1. Is there a residue in segment 7-14 that is within 29 Å of residue 66 (Cβ to Cβ) and exposed (fewer than 12 other Cβ atoms within 10 Å of the Cβ)?
2. Give me the pairs, please: first residue somewhere in segment 21-34 and part of a loop (DSSP other than H, G, I, E, B), second residue anywhere and at pLDDT below 85, beta-carbon distance under 6 Å, and either six or more positions apart or on two chains.
3. With respect to residue 56, determine if the residue is at pLDDT 90 or above, over 12 Å from the mean Cα position of the chain (by Cα), part of a helix (DSSP H, G or I) and among the polar types (S, T, N, Q).
Amino acid sequence: MADKIREKQLYEALKSKHIGLGNEETTRTEYISNIKRDTYASLVAHPAMLEFLSNTYNKPRQIVHTEMIEKMIRPMETNK
């Protein structure tokens, strides 16, 4: 019984810390949208990854940075 209470408390703590986890009412689209936005935010926040992407896309870093931020703002398209 104590294990179930501890697990529920741990889950609630993680859920409050990581908002993107969602809950039982979160739709598939919302969840995927959160994952994509978190990924773009992480890529923008790490200069080495941004440099890698700019080399991959053969574009200047600032343009890739701006495109990633714009992708975070736009509605997400999902594949089913």
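1. Quick first cut of segment 7-14, residues within 29 Å of residue 66 (Cβ to Cβ) only: none.
No.
2. So the pair list comes out as 22/31.
3. Working: at pLDDT 90 or above: yes; over 12 Å from the mean Cα position of the chain (by Cα): yes; part of a helix (DSSP H, G or I): yes; among the polar types (S, T, N, Q): yes.
So residue 56 passes the test.
The values are calculated or read from the model by the stated rules, or taken from the named source; none is laboratory data. Predicted model only: the values in this text are computed from it and were never measured. Here Cβ is always computed from backbone atoms with ideal geometry, including for glycine, and neighbour counts include all displayed protein chains.
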